[in-house]
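Read-outs: derived from the displayed coordinates by stated rules, not from any lab. Remember, predicted model here, so these are calculated numbers, not experimental data. Cβ: placed from backbone, ideal geometry, glycine included. Neighbour counts: every protein chain shown.
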Amino acid sequence: MERAPWPIGLVFGVSVAVVVTLVGPLLLFNPWFTSGLQSRHEVAGSFDTDQPEIDRVTTEILRDLYVGGSFEASLGGDAPLLDANERSHMSDVSRLVQLLAGVAVVSLVVVGVTGAWLRREPQRRGRILLVAGGSIGVIAIVLAGTFAVAFEPAFLVFHQLFFPPGTYLFETGSELLLLFPQGFWFDAALVAGVVIILSALVVSLLGLRGWRRRPGDVGPSLI
C-alpha cells in the first residue's frame, strides 16, 4: 500500500490540534452560557435591572462580536451602554474572534480532507490523533492550572499578546467590567480549559482505537 506523503500527516495533526484548541471555547460564547455566568455573578444587580434585560444587551454584543458590529447596544436608553474606548476594545476582540473562527472552520475542512486521505492508514492516522490530542491536552492542563492559581497576571499576559498596549485597561466600575466582571472571565477560562481537555481526551481515545485497529499495516513513522 502506498503511503500518503508525510506533509499530509503533518497538516492533519496540526489541523486536529487547532480544532481541539479553538472550536470548544469559541462555541462557549453563546447567549445561554454567558447568561448563566452573568446570573452567577449578579451582573443584573450591578446595573439595577433584571436578567432578561442583561441577556438582551449581551446577545446584541455577542452578535456584534461575530459579525463585526458597532457594539452600540443600549440599556434602558438611547445612548450606547459602552463608551468609545470600550467599543474600540470590543472591535479589537471581534477581529480576533473572527480570525480564530475562520482558522477553526478552515482547520475543520482540512481535517476532513487530510483525514480522508489517510483513511487507508488507520494506524498512522491513529498515532497522529493520539499525539495531537495528548499534546494539546497536556498543554491545556498546564494553562488551566496557571489560570486557576494566577488568573490576573495570566489574563493580563493574554491581553498583552493579542491587543494594542493600553487599549484593554479600564477604570474600576466601567460598564464593560460590570457587564463581564473578572469572576465571569475566571469561570469562562476554567470551563474553556475543561472543554479543551475533554476534547483532547476524546481525540486521543479515537487515535488509540485507530492505532490498534490493523497492526503491521504501515511503518513506524509518526506522521
Subject >> Charge dipole (segment 33-176, unit charges on Cβ, about Cα centre) - positive-most of ALA104, GLY134, LEU37 >> reply: GLY134
Original post:
If we count every other residue with Cβ under 12 angstrom of ASN85's Cβ, Lys/Arg +1 and Asp/Glu -1, where does the sum land?
Top reply: -4
**OP:** Starting from the Kirkwood radius over alpha-carbon pairs of segment 1-78, derive D by Stokes-Einstein at 25 °C in a medium of 0.890 mPa s and give it in µm² s⁻¹.
**Re:** 158
Original post:
If the chain between ASP187 and GLU171 were fully stretched, how many nm would it gain, using 0.36 nm times the residue separation less the Cα-Cα distance?
Top reply: 3.6 nm
Subject >> Estimated [θ] at 222 nm from DSSP helical runs (n ≥ 4, -39500 (n - 2.57)) normalised by residues in the chain, nearest 500 >> reply: -25000 deg cm²/dmol
Original post:
What's the longest piece of the chain with no exposed trypsin sites (Lys or Arg not before Pro), counting a site as exposed if DSSP puts it in a loop and it has at most 16 other beta carbons within 10 Å?
Top reply: 4-118
Subject >> Stretchable slack from ARG120 to GLU152, in nm (0.36 nm times residue separation minus alpha-carbon distance) >> reply: 6.8 nm
**OP:** Please work out whether segment 92-166 counts as rounded, prolate or oblate from its C-alpha gyration tensor, where a ≥ b ≥ c are the square roots of the eigenvalues and a/c under 1.5 means rounded, while otherwise a/b larger than b/c means prolate and anything else oblate?
**Re:** oblate
**OP:** May I ask for the net charge around ILE8, where only other residues with Cβ less than 14 Å from the Cβ of ILE8 are counted and Lys, Arg are +1 while Asp, Glu are -1?
**Re:** +4
**OP:** Could you tell me the distance between the Cα centroids of segment 14-63 and segment 184-214, to the nearest Å?
**Re:** 21
Original post:
How many nm is it between the label spots at SER74 and SER39, if each spot is 7 Å from the Cα in line with the beta carbon?
Top reply: 2.8
Subject >> 10 Å Cβ shell holding at most 10 others, DSSP loop, GluC sites (Glu not before Pro): longest site-free stretch of the chain >> reply: 3-170
**OP:** Under 13 Å from the Cβ of GLN51, count the other residues' Cβ atoms, weight Lys and Arg +1, Asp and Glu -1, and hand me the total.
**Re:** -3
**OP:** Provide the three semi-axes, in whole Å and in decreasing order, of the ellipsoid equivalent to the chain as defined by the square roots of 5 times the Cα gyration tensor eigenvalues.
**Re:** 41, 17, 15
Original post:
Separation between the ARG209 and LEU99 pseudo-spin-labels, each 7 Å from Cα along Cα→Cβ, expressed in nm?
Top reply: 3.6
Original post:
Once fully extended, how much extra length lies between SER135 and SER88, figured as 0.36 nm per residue of separation less the alpha-carbon to alpha-carbon distance?
Top reply: 13.4 nm
